Amino acid sequence: MSGPERCSDEEGTDRQGAGGPLPRPSRLARHRRKLIAAAALLAAPVLAHLGIATATRIDPPPIGAVAGEPAAGPAGLRVLGPAYARRRGRILEARLSGSPEEIGHQHGRLFYPEMVRNEGTLYDQFRRYVPVAPLRWLIMDVSRLQFRGVDEGMSDRVRREIAAQARAFSPDPFDGVLPTYHRFIFLQSLYDIALSFEHSPLIGCTSFALTGAASADGHAVLARNFDFEAGPVFDEGKAVFLVHEEGKIPYASVSWPGLVGAVTGMNAAGLALVVHGGRAGEPRAAGEPVVHTMREVLGSARTVDEALALLEARAPMVSHLVMLVDAGGEVAIAERAPGAPLHARRGRGKVPLTNHFEGPLASDPRNRRVEAETSTHARRRRLDERLAALPEGATIEAAVDVLRDRRGPGGAPLPLGDRRAIDALIATHAVVMDATARVLWVSEGPHLAGRFLRFDLARLLDPAFDPARDTAEPEALPEDPLLTRGDYAAWERAGSPHPGGELGSDAADPSASDGERDGGAP
């Protein structure tokens, strides 16, 4: 072609014009709108993430100054003022004492290495189950939005303690995840946040009470397996905290370094409690996290009746069950759900508990799903059998033997680690609490296969107790033959399998009736 219709073969020129070749738009200019749209698409999530981070930030309350570093004492003691930490076998024993700021500081400094390890394990588990980084960011952002006011249900004392703990947690290797205080608030609410998801790892605990003629010398006993699958570090690094809050009843809490609240505990008055996950009602982002409610109960109530009154006055964030036993032999199971009145089931003698509601919330669709799709009924049937077979005057050893049961209903053999067993080898701690004698027996690990160590709370919760003078080895119940025979090691070499999980309680249980398979009562 020639004349005005000739096109140039060179980049940057266009058709001929009166004054010569016209410039041809560059590729960048030609695709500018597309590039702008693409950039906006890419920037939107980043800007939204930054906006969420700014809008949902949870700031700490003002707190008093606290200082001090742990000092090495005799026999492996770590001492910080009136607080201490030491190993009893494979279990950490620690006393925390004073004002909220003092207790928070003691916790953050005495257990800094353990807290780093525990929190790192949680993030490793998060990356394992959610390997795509943008999806993890999305989950975090949604959680930040949903639970942006979670601290509003916490007492001023708890917020101040967490703020002091966050300040003492230095250097903070995880400050890129969330600011320390904000992150600690979420970690203290982890039980509630996790239970708000339909398939959280918190549906699986088994407990029972023995009172009156059912237990030796008529003592009131509460035994439990706390099934929590968040990594072996929570089993290997469990702690028995001896807590002396100002103006409160001293109490013991069995948990792990970093947790301020309680899921298993007993106070100096002999009130013992355990928490079980359940499903009913709609989870709420506002209310008091369950671990702090339990801590308030241990610090304030001396009897089951007093504990129930405290529970009734507080609004839960998620549904759960609480088994309570006091030194006088009273037993109650509190069934709690957001927006529903508390329902208490009373009992004496032999009282079992797994993970389904039996009161007004029994017909809730979420509870029916738990009954149909988890191991709660299989464990309950086996627990009922074991308790019925216990002779009167059952000992602590007999209670431990029930907790270690690994058979199905009717004594049917189950593979090691089967979730339908009372002991599915997933518990991070198992505890037998003698409320009358104020004594805890705590599993040393792994799971329930190791020894159970004795903690005499009547002595340990005495403010005058001096751990430096207490050098004797703790009394212990022997480890399970599962360890000595090598069965546990073989199970680990096989990859620690856990059959019989979701849908496993009924689908794999030939003894279940049609009604039970439909989620009916056992």
Any hit, segment 124-141, residues being aliphatic (A, V, I, L, M) and touching a Phe, Trp or Tyr at 6+ places or on another chain (Cβ under 7 Å): no
Enumeration of residues in segment 328-377 that are of a type in the set (Gly, Ala, Ser), part of a loop (DSSP other than H, G, I, E, B) and under 20 Å from the mean Cα position of the chain (by Cα): ALA337, SER375
Qualifying positions in segment 109-134 - among the small types (Gly, Ala, Ser) and within 19 Å of the chain's Cα centre (by Cα): GLY120
Flag for GLY329 being at pLDDT 95 or above, touching a Ser or Thr at 6+ places or on another chain (Cβ under 8 Å) and either farther than 17 Å from VAL274 by Cα or of a type in the set (Val, Ile, Thr) (or both): no
Some residue of segment 387-404 being buried (at least 23 other Cβ atoms within 10 Å of the Cβ), out of contact with any strand residue (DSSP E or B) (no Cβ under 8 Å at 6 or more places or on another chain) and not small (Gly, Ala, Ser): no
Sole exception among (1) surrounded by fewer than 11 Cβ atoms within 10 Å (Cβ to Cβ); (2) at pLDDT 90 or above; (3) more than 30 Å from GLY247 (Cα to Cα); (4) not charged (D, E, K, R) for GLY89, by number: (1)
From the options PHE147, PHE174, residue that is surrounded by fewer than 20 Cβ atoms within 10 Å (Cβ to Cβ), over 23 Å from ALA65 (Cα atoms) and either of a type outside the set (A, V, I, L, M, F, W, C) or touching a helix residue (DSSP H, G or I) at 6+ places or on another chain (Cβ under 8 Å) (or both): PHE174
Residue that is modelled with the highest pLDDT, among those in segment 51-70 that are among the small types (Gly, Ala, Ser) and not in a loop (DSSP other than H, G, I, E, B): ALA55
Condition check for GLY281: surrounded by fewer than 24 Cβ atoms within 10 Å (Cβ to Cβ), touching a residue at least 24 places away in the same chain (Cβ under 8 Å) and either at positive phi or part of a strand (DSSP E or B) (or both): yes
Subset of segment 312-333 (residues that are among the aliphatic types (A, V, I, L, M), surrounded by fewer than 24 Cβ atoms within 10 Å (Cβ to Cβ) and closer than 30 Å to ARG148 by Cα): ALA313, ALA315
GLY408, sole failed condition from (1) crowded, with 24+ Cβ neighbours inside 10 Å; (2) in contact with a Ser or Thr (Cβ under 6 Å, 6 or more places away or on another chain): (2)
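The values are calculated or read from the model by the stated rules, or taken from the named source; none is laboratory data. What you are looking at is a predicted structure, and each value in this text was computed from that prediction instead of being measured. Quick reminder, even Gly has a Cβ in these numbers, built from the backbone with ideal geometry, and neighbours come from all protein chains shown.
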